[in-house]
Amino acid sequence: MVMKTPALVSSKAFSAFLHKHCPVVSEPFIPTPWCWGGRIQTLVCAILKSKPTVCYRNELIRTVDGGQISLDWVDNRDSAEYPESSIRPTVLILPGLTGNSKVSYVRHAINQATRRGYRVVVFNNRGLGGEELLTPVTYCAANTSDLERVVLHVNGLYPHAPVLGAGVSLGGMLLLNYLARKRTESGMVAGFTISVPWNALKSAASMEEPLNWLLFNKYLTNGLCQAVTRHRKVLEKVVDIDHVLKAQTIREFDERFTSLLFGYKSCTDYYHDASPDHKLPNTAVPIMCLNAADDPFSPQGAFPLTTIQSLPNVAMLLTAHGGHIAFLQGFFPRGESYMERLFGQFVQAAFEHPKDIKKACGIKEKPSS
């Protein structure tokens, strides 16, 4: 059985650009034959996917509230394409809910970027990068202040090097919320997302279906609780840790922890604020989004297809299968897959053809000073 070519939802001009510079969008996506469904793809990817060796340079930067953020850099000093560090393009990667620079999908993305000559920096959310939590503040999908701090830092170090943001799952939500908030002042030339939960309330409901709760929700909730336990000493000043640790779902965790920590009246208010589906019209840079229709974390009914069709700068590649951060191909899918190929091609297209992608997305060039 051969799958149909994935659906590319975008304006005609952006679509033409992507077909020219990202040939993977024109190819059929044929999932690994023995793991067809979204749940199986997601599980198999977590178990089987290889973890390429990556050597990081860690940097800790301080925040205005006295906290610290852990950044993991791959400087790529041997870049033949960009031997001059000051102009070497930078990919800023935002991992998922409990992810960090060690997870498989981040390492594969780094391989794609560095082989093309680019520099990479991974933004580890507070408390997840191995660093000490100095203040009782962690992270949420709606709060973009830490990401803004990181972007300003990266642009300050390399003011003549373009920056592209790449967000995975919750990292994609954070990226899209940031791009919508900052608009033309984002400090990024483009954005790329994988498996974004477009509507947090609908995602929570999907993840609470019995099988999804058993396979995914319980595991992620445990991961969140472990992070809280690790930083219990500083966090118990602001929340009831024992109550938080009894959470059985991500929604319960967010009700007892995240919503309280970030000043929301309810978890529903937080989820509405965190959902990027209604904020896309505020974005002002080219954005490429990859989603699978069978993603248990992000139900197809939540995809903002009508909104995307009306925007010149946003494109979504929608596959029938692929699960959550998986998109596995081949009989033994340990290495590069569909999402890595799309990521690599889009990053290269955005960095190497800046004028063309702006024109395709209806973005006017800033007049030179």
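The values are calculated or read from the model by the stated rules, or taken from the named source; none is laboratory data. Because the structure is predicted, anything quoted here is derived from the model rather than measured. Positions of Cβ are backbone-derived with ideal geometry, glycine not excepted, and every protein chain shown enters the neighbour counts. To get the accessible areas, we keep the full protein, side chains included, count just its heavy atoms, and leave off ligands, DNA and RNA. Shrake-Rupley method; radii C 1.70, N 1.55, O 1.52, S 1.80 Å.
Collect the residues in segment 11-43 that are within 22 Å of Asp295 (Cα to Cα), open to solvent by less than 20 Å² (accessible area, probe 1.4 Å) and assigned to a helix (DSSP H, G or I), keeping them in residue-number order.
Once the filter is applied, which keeps residues that are within 22 Å of Asp295 (Cα to Cα), open to solvent by less than 20 Å² (accessible area, probe 1.4 Å) and assigned to a helix (DSSP H, G or I), segment 11-43 yields Val24, Val25, Gly38, Gln41, Thr42.
Could you tell me how many of the residues in segment 243-253 are in a helix (DSSP H, G or I), without any contact (Cβ under 8 Å) to a residue 40 or more places away in the chain and closer than 20 Å to Leu214 by Cα? Walk me through how you get there before you give the answer.
Going residue by residue through segment 243-253, those that are in a helix (DSSP H, G or I) are 243-244, 250-253.
Among the residues that remain, those that are also without any contact (Cβ under 8 Å) to a residue 40 or more places away in the chain are: 243-244, 252-253.
Next, only the ones that are closer than 20 Å to Leu214 by Cα stay: 244, 252-253.
So the answer is 3.
Among Val228, Val239, which is the only one that is modelled with pLDDT of 95 or more and part of a loop (DSSP other than H, G, I, E, B)?
Numbers: Val228 fails: part of a loop (DSSP other than H, G, I, E, B).
Exactly one residue qualifies, and that residue is Val239.
Output the number of the condition that Glu148 fails; it satisfies all remaining conditions of (1) open to solvent by less than 10 Å² (accessible area, probe 1.4 Å); (2) under 19 Å from the mean Cα position of the chain (by Cα).
For Glu148, the failing item is (1).
Tally the residues that are hydrophobic (A, V, I, L, M, F, W, C) and open to solvent by 70 Å² or more (accessible area, probe 1.4 Å), restricting the search to segment 245-283.
Narrowing segment 245-283 to residues hydrophobic (A, V, I, L, M, F, W, C): 245, 247, 250, 253, 257, 260-262, 267, 274, 280.
Cutting the leftovers down to open to solvent by 70 Å² or more (accessible area, probe 1.4 Å) gives us 260.
Looking only at that region, the number is 1.
Give segment 305-319 a look and list any residue that's touching a Phe, Trp or Tyr at 6+ places or on another chain (Cβ under 6 Å) and not hydrophobic (A, V, I, L, M, F, W, C), or say none. Talk me through it step by step, then tell me what you get.
To start, the set of residues in segment 305-319 that are touching a Phe, Trp or Tyr at 6+ places or on another chain (Cβ under 6 Å) comprises 315, 319.
Of everything in segment 305-319, just one residue is touching a Phe, Trp or Tyr at 6+ places or on another chain (Cβ under 6 Å) and not hydrophobic (A, V, I, L, M, F, W, C), namely Thr319.
Please work out which one of (1) in contact with a strand residue (DSSP E or B) (Cβ under 9 Å, 6 or more places away or on another chain); (2) open to solvent by 30 Å² or more (accessible area, probe 1.4 Å); (3) closer than 22 Å to Gly167 by Cα is the condition Tyr82 fails and give its number.
Checking Tyr82 against (1) in contact with a strand residue (DSSP E or B) (Cβ under 9 Å, 6 or more places away or on another chain); (2) open to solvent by 30 Å² or more (accessible area, probe 1.4 Å); (3) closer than 22 Å to Gly167 by Cα, the one that fails is (3).
Collect the residues in segment 298-332 that are open to solvent by 50 Å² or more (accessible area, probe 1.4 Å) and touching a strand residue (DSSP E or B) at 6+ places or on another chain (Cβ under 7 Å), keeping them in residue-number order.
So in segment 298-332, the residues open to solvent by 50 Å² or more (accessible area, probe 1.4 Å) come out as 300-301, 305-306, 309-310, 312, 320, 331-332.
Selection gives Leu305, Gln309.
State which residue is modelled with the highest pLDDT when the search covers only segment 45-69 and only residues that are open to solvent by 40 Å² or more (accessible area, probe 1.4 Å) and of a type in the set (Val, Ile, Thr).
That would be Thr53.
Restricting to helices (runs of 4 or more DSSP H) lying wholly in segment 278-369: which have 1 or more residues that are more than 17 Å from the chain's Cα centre (by Cα), hydroxyl-bearing (Ser, Thr, Tyr) and modelled with pLDDT of 95 or more? If you could, list the steps in order and put the result at the bottom.
On the way: elements: 305-309, 338-352, 354-360.
Here the list reads 305-309.
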